[in-house]
Amino acid sequence: MKLKNLPWIPFVLFAIAIGLYPAIYYFVDMHSKGLLASKPKELLSSGVWHTLFYVHITAGGIAMLTGWSQFSNRLRGRYLNVHRFVGKVYVLSVLLSSCAGLYIAFFASGGIISVVGFGSLALIWLFTDIKAYTSIRKLQIDEHERWMIRNYALTFAAVTLRIWLPLATGLIHLDFIASYRVISWLCWVPNLIVAEIIVSRKNNKFELA
């Protein structure tokens, strides 16, 4: 294994772990645990919210599990048809998860700050998903790659949220609600900044070429 590929190992492991995490909700009663512990019972008993919550986490988990493989030049080069099929699954998964996520964002713990934070994430996630899809439909491969980088950075917010939250509440001992308000932005804005840096570097390479 080449040294330059080593950073991909924790990236992929986190993606797989968090991608599989929603399966727990199908086998264990999580209503009094984790993020759902802060939700009122009236909301948890809502059929619409409950259905869209499961759409959000299930489709989001599929996006997390499938998205990372799309950046492998080796897999794309050897199995182009598989790359295209998985890409369609990913795009549809993000479409479903972002739309459902936009709805449940209105009920985010922490009030308007969290609502706007997670709502913005859902909208930008959906927008970049549509741009990634429309660009590849036009055979704009470089543009498609740029939008996919941005989009998966937002998908990865599911990972960074679960990194920041225990750090804030466990190590720093901040109040959960106060932490959640900050993390509703912190889980995705730095990700998007990193994505823009990567895109910028790729643009410079294209210009030099």
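The values are calculated or read from the model by the stated rules, or taken from the named source; none is laboratory data. Everything numeric here is computed off the predicted structure, so don't read it as measured data. Neighbour counts run over all protein chains shown; Cβ positions are idealised from the backbone, glycine included.
See the values below:
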item: Number of the condition not met by residue 112 [criteria: (1) surrounded by 16 or more Cβ atoms within 10 Å (Cβ to Cβ); (2) modelled with pLDDT of 95 or more]; result: (1)
item: Among the candidates 162, 150, residue that is of a type outside the set (A, V, I, L, M), surrounded by 15 or more Cβ atoms within 10 Å (Cβ to Cβ) and modelled with pLDDT of 95 or more; result: 150
item: Residues that are aromatic (Phe, Trp, Tyr) and touching a residue at least 40 places away in the same chain (Cβ under 8 Å), drawn from region 126-163; result: 133, 152, 156
item: Helices (runs of 4 or more DSSP H) fully within region 142-209 counting 1 or more residues that are within 28 Å of residue 76 (Cα to Cα); result: 157-166, 189-208
item: Residues that are basic (Lys, Arg) and under 16 Å from residue 133 (Cβ atoms), drawn from region 51-99; result: 84, 88
item: Residue in region 137-156 that is polar (S, T, N, Q) and within 30 Å of residue 38 (Cα to Cα) present; result: yes
item: Residues within region 86-102 that are of a type in the set (A, V, I, L, M) and within 14 Å of residue 57 (Cα to Cα), tallied; result: 6
item: Residue in region 47-56 that is over 19 Å from the mean Cα position of the chain (by Cα), hydrophobic (A, V, I, L, M, F, W, C), farther than 30 Å from residue 178 by Cβ and surrounded by fewer than 20 Cβ atoms within 10 Å (Cβ to Cβ) present; result: no
item: Hey, residue 25 farther than 17 Å from residue 154 by Cβ, among the aromatic types (Phe, Trp, Tyr) and at pLDDT below 90 or not; result: yes
item: Test: residue in region 93-103 that is free of Cβ contacts under 8 Å to residues at least 24 places away in the same chain and either out of contact with any Phe, Trp or Tyr (no Cβ under 9 Å at 6 or more places or on another chain) or surrounded by fewer than 16 Cβ atoms within 10 Å (Cβ to Cβ) (or both); result: no
